[in-house]
Amino acid sequence: MARPLVGIIGNQYLINDQYPTHAGGTMNSEAVSEVSHCLPVVIPSDPRLVSVDELLESFDGFVLTGGRPNVHPEEYGEEWTEAHGQPDRNRDAITLPLVRACVQRGQPFLGICRGFQEVNVAMGGSLYPEIRDLPGRMNHRMPPDGTLEEKFALRHKVSLTEGGPFQQLFGSTEVMTNTLHGQGIKTAGSRIVIDGFAPDGTPEAIYIKDAPGFTLAVQWHPEWNAASDPVSRPLFEAFGAAVHDWAKKGAEGLRVAG
């Protein structure tokens, strides 16, 4: 039996500052395949190439990946400054309406880092351009030097709401995570529930209230060591279960229609 399809939202890059490419990160594909037990497919995040309607009908779930470019601040009513960093308007044009459509349909998605921020903006929220510049906040950015292991090392705790979906998923109100982001939630969007915080008060885990499907998103990078990490694995397993349920319902609907 064919595995359900998970669309991995890609980012646009220039290889050698010259050759344009779309990429989704090997770790994301590995986590989707090996832990969620779904078939990973990288999506070119460009509205000239794909439409949101096509994606909704072609895939059973989505991973909104991290990436260097940020959501353009115009999407939440603010002017761009140097502090906001490099934007990606093509990705904005795909992911923001995709999130809203998935929420309405009950189609599962998992938001990671930039994807976490996209979920908040899609629901009407806003972002701080640079968390480390705020009084009392720590530097959440990736260490500039070192090995991958050092850059993705667990660096701070996340406190989770007692009885919330993340606490139920992880079996604890406190977990250790990595941290590789510069921006963060300023104001929560409509129906956004902040379910986990870093020690400095930065939102780290969210979901959408009363959504009919899987809408969990995290500010950290769970794709790192997803198969063995005690926090990453249950997150990707739960996402995979939701995707399999969605695919099963779609298959049943086709049989009924036939």
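The values are calculated or read from the model by the stated rules, or taken from the named source; none is laboratory data. In this text, all values refer to a predicted model and were calculated from it rather than measured experimentally. Please note: Cβ atoms are built from the backbone with ideal geometry, for glycine as well, and neighbour counts cover all protein chains shown.
Touching a residue at least 24 places away in the same chain (Cβ under 8 Å), touching a helix residue (DSSP H, G or I) at 6+ places or on another chain (Cβ under 9 Å) and farther than 22 Å from LYS248 by Cβ: is that true of ARG48 in this structure?
yes
Take the residues of the stretch 147-179 that are in contact with a Gly (Cβ under 7 Å, 6 or more places away or on another chain) and of a type in the set (A, V, I, L, M): which is surrounded by the most Cβ atoms within 10 Å (Cβ to Cβ)?
That would be VAL158.
Condition first: out of contact with any Pro (no Cβ under 9 Å at 6 or more places or on another chain) and over 21 Å from PRO69 (Cβ atoms). Now tell me which residues in the stretch 125-146 satisfy that.
LEU134, PRO135, GLY136, ARG137, ASP145, GLY146
When you check GLY240 against the structure, is it modelled with pLDDT under 95 and surrounded by 14 or more Cβ atoms within 10 Å (Cβ to Cβ), yes or no?
Judged against the criteria, GLY240 is not a match.
Mind checking whether some residue in the stretch 83-95 is farther than 28 Å from PRO44 by Cβ, modelled with pLDDT of 95 or more and out of contact with any Phe, Trp or Tyr (no Cβ under 6 Å at 6 or more places or on another chain)?
Taking every residue of the stretch 83-95 in turn, none turns out to be farther than 28 Å from PRO44 by Cβ, modelled with pLDDT of 95 or more and out of contact with any Phe, Trp or Tyr (no Cβ under 6 Å at 6 or more places or on another chain).
Pairs needed: first member in the stretch 106-117, of a type in the set (Val, Ile, Thr); second member anywhere, assigned to a loop (DSSP other than H, G, I, E, B); C-beta distance under 7 Å; at least 6 residues apart or different chains.
Partner pairs satisfying both residue conditions: ILE112/THR65; ILE112/GLY66; ILE112/HIS221; ILE112/PRO222; ILE112/GLU223.
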